[in-house]
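Colleague: So that we are looking at the same thing, I have put the structure below in structure tokens.
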Amino acid sequence: MQNSNTTEGPYPKLWRETAIKCLRDEAQALLDLIPRLDNNFDRAVQIILNCRGKLIVTGVGKSGHIGAKIAATLSSTGTPSFFINPLDAFHGDLGVIAAEDVVLAISNSGQTDELLRFVPYLSERNIPIIGMSGNPHSLLAQYSAAHLDAGVASEACPLGLAPTSSTTAALAMGDALACALMEARHFRASDFAQFHPGGTLGRRLLTKAKDVMRSEDLPTVPPTMKLGEAVIHVSRGRLGLCVAVEDDRVVGIITDGDVRRAMETSQDRFFALTVNDIMSAQPKMVRPETKITEIERIMQANKIHSVLVVDDQDHLLGIVDSFRTMI
């Protein structure tokens, strides 16, 4: 017998409702951060921009986990950062903090003892502290050169105890800080690729035509070749095209679309036509160093599926088609 509290199958509807409430509560917590952004946020961004050393992120417990993620995000977006556990700092790791550094300290209460214990060390060395907490009147806020208020009205946890909305808010505030710094540094997609050479985005932004072009068995024909014979080369080349080459230089291109249109318009005269009669004399050509992203832009703008890779003398080196850009 099916439970009366279910909507689909044997699972209680209550579970889904709890999840929906959690997501709504956390989403509202993020929206509530917007009015809390003030001059402290701008000051924090400027402090980091002025930093000649590293941004060191620190926090204990859940705040520590959030801090590690924020440090990773900042490092990958142009701000040299790393995370340090304040508990480890008292066992030899304080040596990694230099006078040119800035510290981002995260604590929901702003009163975490383990975090506050090395604040005097930082103050003595005039190392700026950017605090992030849910209490703008906390000790951490008082010791900070700039304080980011990431406070939430309540946790999304059904008991109101487990860090849920508060950790989400801290994480989002860290992302907001990273985004502001990216904007301030004029950080571009190509810069991001430099920090992510192994990722899909990095590969796409760094890969060049020479890395993916087809360079063997290229379908080339002389411009004087009859279309009846050229059709065979188009088919064998498996790229839907043939490149017209004369004196070892690219002079045009014909595609399977060009051939079909020629058959429709010329009919009985088709086999008397040559490649020169229907070819495009200005094919889209790029250099071997051209980035794949630029090739994609050319293809989309011109509604074509292939570009020719040539050297400075228009000697054909290879062909890049749309499938080869999907790395």
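Colleague: Through the Karplus equation 6.51 cos²θ - 1.76 cosθ + 1.60, θ set to phi - 60°, convert the phi angles of the stretch 152-161 into ³J(HN,Hα) values in whole Hz; use x for Gly and Pro.
Modeller: After applying 6.51 cos²θ - 1.76 cosθ + 1.60, I find 10, 5, 6, 7, 6, 4, x, 8, x, 10 Hz.
Colleague: Oh, and also: Which entries in the list K226/K303; K210/K303; K226/K284; K69/K291; K226/K291; K54/K291 go over 29 Å, if you measure between the two C-alpha atoms of each?
Modeller: Over 29 Å apart, Cα to Cα: K69/K291; K226/K291; K54/K291.
Colleague: Which of (i) 39, 20, 17; (ii) 56, 23, 16; (iii) 61, 28, 15 is the computed semi-axes √(5λ) of the Cα gyration tensor in Å for the structure on display?
Modeller: (iii)
Colleague: If I stretch the segment between F323 and L161 completely, what's the gain in nm (0.36 nm per residue apart, minus their alpha carbon distance), one decimal?
Modeller: That pair, F323 and L161, stretches by 53.1 nm at full extension.
Colleague: Using 0.36 nm per residue of separation minus the Cα-Cα distance, give me the extension gain between E124 and R249 in nm, one decimal.
Modeller: That works out to 37.9 nm of additional length.
Colleague: Would you kindly state how much longer the chain becomes between D277 and C179 on full extension, computed as 0.36 nm times their sequence separation minus their alpha carbon distance, in nm to one decimal?
Modeller: 29.8 nm is the gain from fully extending D277 to C179.
Colleague: Report the calculated FRET efficiency for T293 and E264 (r = Cβ-Cβ distance, R0 = 30 Å), to the nearest 0.05.
Modeller: 0.25
Colleague: What does the helix-only formula give at 222 nm for the chain: each DSSP H stretch with n ≥ 4 adding -39500 (n - 2.57), the total divided by the residues, and the result rounded to the nearest 500 deg cm²/dmol?
Modeller: Computed mean residue ellipticity for the chain: -12500 deg cm²/dmol.
Colleague: Relative to the longest principal axis of the chain, what angle (0 to 90°, nearest 10) does the C-alpha long axis of helix 292-302 take?
Modeller: Its long axis makes an angle of about 60 degrees.
Colleague: A follow-up question, please. Counting Lys and Arg as +1 and Asp and Glu as -1, each charge on the Cβ, what is the dipole of the chain about the Cα centre in debye, to the nearest 20?
Modeller: With Lys and Arg at +1 and Asp and Glu at -1, about 320 debye.
Colleague: Considering the dipole of the chain built from charges on the beta carbon (Lys and Arg +1, Asp and Glu -1) around the Cα centre, which of L14, A272, L122 is farthest to its positive end?
Modeller: The listed residue farthest towards the positive side: L14.
Colleague: Tilt of helix 13-31 relative to the longest C-alpha principal axis of the chain, in degrees (0 to 90, nearest 10)?
Modeller: 90 degrees
Colleague: List the residues whose amide H sits under 5 Å from the amide H of A150, counting only those 5 or more places along or on another chain, with H placed 1.01 Å from N in the peptide plane.
Modeller: S133, G134, N135
Colleague: Along the Cα→Cβ direction, 7 angstrom out, place labels at K21 and K303. What is the inter-label distance in nm?
Modeller: About 5.5 nm separates the two model spin labels.
Colleague: Show the residues, 5+ positions off or on another chain, whose built amide H is closer than 5 Å to the amide H of V251.
Modeller: A244, V245, E246
Colleague: Compute the long axis of helix 62-76 from its Cα atoms, compare it with the longest principal axis of the Cα atoms of the chain, and write down the angle in degrees, 0 to 90, nearest 10.
Modeller: 40 degrees
Just so you know, all these numbers are worked out from the coordinates, no wet-lab data involved. Predicted, not measured: the structure shown is a model, and the values here were computed from it. All Cβ positions, glycine included, derive from the backbone under ideal geometry; neighbour counts span all protein chains shown.
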